[in-house]
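Enquirer: Take a look at the following structure, please.
The values are calculated or read from the model by the stated rules, or taken from the named source; none is laboratory data. These numbers were taken from a predicted model, which means no experiment stands behind them. Neighbour counts are summed over all protein chains in view; Cβ atoms, including those assigned to glycine, are modelled from backbone coordinates with ideal geometry. The accessibility values were calculated without ligands, DNA or RNA, using every heavy atom of the protein model including side chains. Shrake-Rupley method; radii C 1.70, N 1.55, O 1.52, S 1.80 Å.
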Amino acid sequence: MSKFLIVSDNHGDRTILSDIIATWRPQVDGIFFNGDSELAAQDAVFDGVSTVIGNMDYDVDFVEARATTIDHVTFFQTHGHLYDVTTFNAWANLELLDKAALESGAQVVLFGHTHIDGALAYHGKLFINPGSTSVPKGPRAIIGGTYAVLIAETDKFVVHFYNRSHELLDNLTVEMAR
């Protein structure tokens, strides 16, 4: 079993980002930040964190997208703005992300940008948007910010969502067979 922390869209709120990473670092096998930090790519908060550039990040040391394999799980990670994830009246447009994930051999696709938390199976891959820690949108914006933890078991993936106080949001848990 492996665990992965997934965070996105803190929009300059370094305090919450540092708190989330410090809380989970000893418990996870990998940490992913999906863009829009508004911090420098070399900020110490990102030590040991897989990062990508968001549309509000201006440091050229961030990458646009990456494929990463940890403990036999291959991730495709991007912010989403370069993959046209935003759609009206829906959680996200997954077509371009799905194509990129297929090309990289990913089982799990990580993105942000929409500020709307969620996870779902699509074309045999697990897509996860942890939402925004600081500027949440969508039907659950009242929660006040979310992030996700992915548990990769031998036969399934389990995605848990947490609020800024690190409280598990049980009703948002998503499972997908591997």
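Enquirer: Might you tell me the accessible area per residue for the chain, computed with a 1.4 Å probe and given in Å²?
Expert: Ligands and nucleic acids excluded, the figure is 44 Å² per residue.
Enquirer: Which far-off residues, 5 or more places away or on another chain, put their amide H under 5 Å from the one on T51, with H placed in the peptide plane?
Expert: F33
Enquirer: With all protein chains present and a 1.4 Å probe, how do S37, S134 order by accessible area, largest first?
Expert: S134, S37
Enquirer: Further, regarding this structure: Can you list the trypsin sites (Lys or Arg not before Pro) in segment 1-84 that are in a DSSP coil and have 11 or fewer other beta carbons within 10 angstrom?
Expert: Taking segment 1-84 and a limit of 11 other Cβ atoms within 10 Å, no loop trypsin sites (Lys or Arg not before Pro) are found.
Enquirer: For segment 1-157, with all protein chains present and a 1.4 Å probe, just round the carbon and sulfur fraction of the accessible area to a whole percent.
Expert: About 52 percent, which is the carbon plus sulfur part of the accessible surface.
Enquirer: Also, quick follow-up: Roughly how big is segment 1-151's charge dipole about its Cα centre, with Cβ charges of +1 (Lys, Arg) and -1 (Asp, Glu), in debye to the nearest 20?
Expert: In debye, rounded to 20, segment 1-151 gives about 460.
Enquirer: According to the square roots a ≥ b ≥ c of the eigenvalues of the Cα gyration tensor, what is the shape class of segment 61-178, taking rounded for a/c under 1.5, prolate for a/b larger than b/c otherwise, and oblate for the remainder?
Expert: Numbers: a/c = 1.62, a/b = 1.18, b/c = 1.38.
Cα axes put segment 61-178 in the oblate bin.
Enquirer: Taking chymotrypsin sites (Phe, Trp or Tyr not before Pro) as exposed when DSSP calls them loop (any state but H, G, I, E, B) and at most 13 other Cβ atoms lie within 10 Å, what is the longest stretch of the chain free of them, the sites themselves excluded?
Expert: On the way: sites that count: Y58, F88.
The longest such stretch corresponds to 89-178.
Enquirer: Taking H placed 1.01 Å from N in the peptide plane, check which residues at least 5 places from T69 or on another chain put their amide H under 5 Å from its amide H.
Expert: The answer is F75.
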